[in-house]
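Undergrad: Here's a structure for you.
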Amino acid sequence: MDPRWPLYLLRSSEHHRPLFPGLQSLYIMSLSDLAIFTGFSAVLTTESLRVELDVRSMGQYNDYVSLSLIYFARERALNLKRLEFAHFSSLEVTSSISTLDTLTSLSLTISNTMTADGLKCLERLALLEYLNIEHNHDSHNVEGDGFQFPSSRDLPTITSQASSFPNLQTLVVKAPGKTQFLVASLLSPTGLETVTMNVINDNFKYDYRHIALVPFAAAIHTKRNRKLKSLEIQWNSALFKPEASNTLRNDVEYSDLKPFLTGLWSLRNVTRLKVVRVPWCPLDIVLQILKILPSLQSLKELHFVARRATMDELILPPLSALEDIAKYNLRLEILAINMDTSIIPPVPSVFISTHDLQVMCLYPFKLGVDATPFPTDETSRLARYIDRLFPKLESLTRYWSPKPKKAAYRAWVGVEKIVRTFQEVRAWQAAADAAEQLTVPS
């Protein structure tokens, strides 16, 4: 765009007359003169602005246009509430965005190294209720850019610092572990209700110490946001190889999960906890999660599907661990968790459950693509045990692929069918008993 256009728009007596006075939402994805000119005029009345330019081809020019648009919006767009800004490379753009003090929702996709200054400036946005940060670039070494690797001893200082973002309720971060930690430690909100951490890595030469930063970041969020209702942590990378991170084995710096676990334990209002495909150094992580589960009385949905961070195998809980869930987590409706199904315990003879669990998915230790379905007698015993604990169960296969070659699905669909048979028999018996009572003379 010719640099004279912004000067014209700012100085022209026509700048207060937008092209589309009733426009509420504006999406800019082109650098053509017409698109930019239209955007500068239409932004005056819009409440929602989305800017997505191609930083790969014209990075510096994109930033020039972005800065001009933000400046114009700050001066003229008094109704702007929601902003999505994607693919910019200059930290100056982040600083400029932080001056848009009318924003209540902000989504940023950053294509450069994330720094503390670039994050801290966002604290000026005191009205923010929703913040989404996607960071698709990071140094491969976690100690690059002056970053010092934290330890659990640093967390009390971080979690006790003054709060920012008094109105922020939802935080979504899609980034490597280093950025996850920076966002948690620097932005420091205390009123969050929803936290979503999508952990990514962007290169085969990934520094696997990022693994340890994810529990640290989660610990900060849970310790500072005691009213958290939803916590989701997903590892979105197929590149992870346990053999590449074997150096983390038995290192207390990476295996101390006490801050993370005590943070989870304190979440009395959490209704949804989803931690999926995250690599863990402690081999008994699933057992430790089950120990704190009785304290999470409000929990309705639990997904805790771990994978190993090193070549050592995870230690999985036995099926009998389901009995405590049936007794103490009475509001649970969905359960997906790693569990050893090799030994089926006897059906509880005293405990009679009325639990409302609807969906359950158990991830056995060695049940994969090449596994075979449970033997007939084992299938029946497993179904009877599950049915006694969760008599209203609707599905054991929702999260398994139904493809014929997927042995996990074939194994659990057999158990599911028998569970349904038990439910049908109970329903028939209840109907028969009710009918008999109606026919008994008074």
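The values are calculated or read from the model by the stated rules, or taken from the named source; none is laboratory data. No experiment lies behind these values; they were computed from the predicted model shown. All Cβ positions, even for glycine, are placed from backbone atoms using ideal geometry, and neighbour counts span all protein chains on display.
Undergrad: Please go through the stretch 87-120 and pick out each residue that is of a type outside the set (S, T, N, Q), modelled with pLDDT under 85 and surrounded by fewer than 18 Cβ atoms within 10 Å (Cβ to Cβ).
TA: Listed by number, the residues that qualify are 92, 116, 117.
Undergrad: A follow-up question, please. From the list 49, 34, which residue is under 33 Å from the mean Cα position of the chain (by Cα) and modelled with pLDDT of 75 or more?
TA: So the residue among 49, 34 that is under 33 Å from the mean Cα position of the chain (by Cα) and modelled with pLDDT of 75 or more is 49.
Undergrad: Do we find a residue being over 19 Å from residue 160 (Cα atoms), of a type in the set (Ser, Thr, Tyr), surrounded by 15 or more Cβ atoms within 10 Å (Cβ to Cβ) and at pLDDT 95 or above anywhere in the stretch 230-243?
TA: yes
Undergrad: Related question: For the stretch 325-338, give me each residue that is part of a loop (DSSP other than H, G, I, E, B) and crowded, with 20+ Cβ neighbours inside 10 Å.
TA: Those that are part of a loop (DSSP other than H, G, I, E, B) and crowded, with 20+ Cβ neighbours inside 10 Å: 329, 332.
Undergrad: Six or more apart or on different chains, Cβ atoms under 8 Å: show the pairs whose first residue is in the stretch 349-364 and in a loop (DSSP other than H, G, I, E, B) and whose second is acidic (Asp, Glu).
TA: Going by the 8 Å Cβ cut-off, the qualifying pairs are 351/323; 356/333; 357/333; 358/333; 358/394; 364/340.
Undergrad: Also: Quick one: how many residues across the stretch 320-348 are of a type in the set (A, V, I, L, M, F, W, C), at pLDDT 95 or above and out of contact with any Phe, Trp or Tyr (no Cβ under 7 Å at 6 or more places or on another chain)?
TA: Count: 7.
Undergrad: Looking at the stretch 76-86 only, could you name the residues that are out of contact with any helix residue (DSSP H, G or I) (no Cβ under 8 Å at 6 or more places or on another chain) and either surrounded by fewer than 17 Cβ atoms within 10 Å (Cβ to Cβ) or modelled with pLDDT of 85 or more (or both)?
TA: Across the stretch 76-86, the qualifying residues are 78, 79, 81, 82, 84.
Undergrad: In the stretch 253-304, which residues are out of contact with any strand residue (DSSP E or B) (no Cβ under 9 Å at 6 or more places or on another chain) and either of a type in the set (A, V, I, L, M, F, W, C) or part of a strand (DSSP E or B) (or both)?
TA: Correct list: 260, 261, 265, 287, 292.
Undergrad: Just a yes or no: is a residue in the stretch 129-139 under 23 Å from residue 229 (Cβ atoms), modelled with pLDDT of 90 or more and hydrophobic (A, V, I, L, M, F, W, C)?
TA: Yes, because at least one residue in the stretch 129-139 is under 23 Å from residue 229 (Cβ atoms), modelled with pLDDT of 90 or more and hydrophobic (A, V, I, L, M, F, W, C).
Undergrad: Tell me which residues, restricted to the stretch 378-416, are loosely packed, with under 13 Cβ neighbours inside 10 Å and either within 28 Å of residue 330 (Cβ to Cβ) or not basic (Lys, Arg) (or both).
TA: Listed by number, the residues that qualify are 401, 402, 404.
Undergrad: Which of the helices (runs of 4 or more DSSP H) found entirely inside the stretch 96-195 contain at least 1 residues meeting this: in contact (Cβ under 8 Å) with a residue 24 or more places away in the chain and either under 18 Å from residue 260 (Cα atoms) or among the polar types (S, T, N, Q) (or both)?
TA: The qualifying helices (runs of 4 or more DSSP H) are 155-159, 177-187.
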